[in-house]
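Notes to accompany the following structure.
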Amino acid sequence: MTKQEVKDENKDAEGNPTVKGHVRRRMQGLSRSRMMSAVAGSDVIVVNPTHYAVALRYDPERGGTPVVVAKGTDELAQRIRAEGISHRVPVVEDPPLARAIHATCEVDDAIPPELFLAVARLLAFVFTLPPVLRAAGLVHRRPTTAMVA
């Protein structure tokens, strides 16, 4: 079998790599747009000032566990942050917590038990903000991280 015949056989068996790549990019784009639209319904966005952003939704009636609705780094993090501010979602800078959630959770995952206390502190901080400040589109800075033991 020649090298070209092997390539042709692979294309027949697995599909054309160019088409597969196009389909993969399209699916990733659709997933990203779904994630960005979910940011509007989140309760808080936790950020590292420049590199990480994680949007969380907390609904006590649906199981009581906060859920990651969006996460990203660098450019995607900036887009999540801007989308949140445009929809008046509170943005809180807490670099250690943002990195920890980003490293341990995927989109649509519940927060793991190791981070319950830190996320509870964060949500308590956000829910005790006056409604005017919460919807002001400001970046809130906590005096200490929620990760403190």
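Out of the residues in region 80-91 that are more than 11 Å from Ala55 (Cβ to Cβ) and not polar (S, T, N, Q), which is nearest to the chain's Cα centre (by Cα)?
Among those residues, the one meeting the criterion is Ala82.
Go through Leu97, Leu117 for me and flag whichever is out of contact with any His (no Cβ under 9 Å at 6 or more places or on another chain) and buried (at least 18 other Cβ atoms within 10 Å of the Cβ).
The conditions single out Leu97.
Every residue in region 6-22 that is out of contact with any Asp or Glu (no Cβ under 8 Å at 6 or more places or on another chain) and either surrounded by 11 or more Cβ atoms within 10 Å (Cβ to Cβ) or small (Gly, Ala, Ser) (or both), please.
Lys7, Asp8, Glu9, Asn10, Lys11, Ala13, Gly15, Asn16, Pro17, Gly21, His22 - these are the residues of region 6-22 that are out of contact with any Asp or Glu (no Cβ under 8 Å at 6 or more places or on another chain) and either surrounded by 11 or more Cβ atoms within 10 Å (Cβ to Cβ) or small (Gly, Ala, Ser) (or both).
Quick check on region 113-135. Is at least one of its residues modelled with pLDDT of 80 or more, outside any helix (DSSP H, G or I), under 19 Å from the mean Cα position of the chain (by Cα) and not charged (D, E, K, R)?
Within region 113-135, none of the residues are modelled with pLDDT of 80 or more, outside any helix (DSSP H, G or I), under 19 Å from the mean Cα position of the chain (by Cα) and not charged (D, E, K, R).
Condition first: under 22 Å from Pro112 (Cβ atoms), modelled with pLDDT of 85 or more, surrounded by 16 or more Cβ atoms within 10 Å (Cβ to Cβ) and over 12 Å from the mean Cα position of the chain (by Cα). Can you find one or more residues in region 56-76 that meet it?
Checked against the condition, which is being under 22 Å from Pro112 (Cβ atoms), modelled with pLDDT of 85 or more, surrounded by 16 or more Cβ atoms within 10 Å (Cβ to Cβ) and over 12 Å from the mean Cα position of the chain (by Cα), region 56-76 yields at least one hit.
Which pairs turn up if I take residues in region 58-87 that are within 11 Å of Val39 (Cα to Cα) and look for partners that are among the charged types (D, E, K, R) and not in a helix (DSSP H, G or I) with beta carbon separation below 6 Å, at least 6 apart in sequence or on another chain?
If the second residue must be among the charged types (D, E, K, R) and not in a helix (DSSP H, G or I), the pairs left are Val68/Asp109; Val69/Arg57.
The values are calculated or read from the model by the stated rules, or taken from the named source; none is laboratory data. Computed from a prediction, not measured in an experiment: that's the story for all the values here. In this analysis, Cβ positions are derived from the backbone assuming ideal geometry, glycine residues included, and neighbour counts consider all displayed protein chains.
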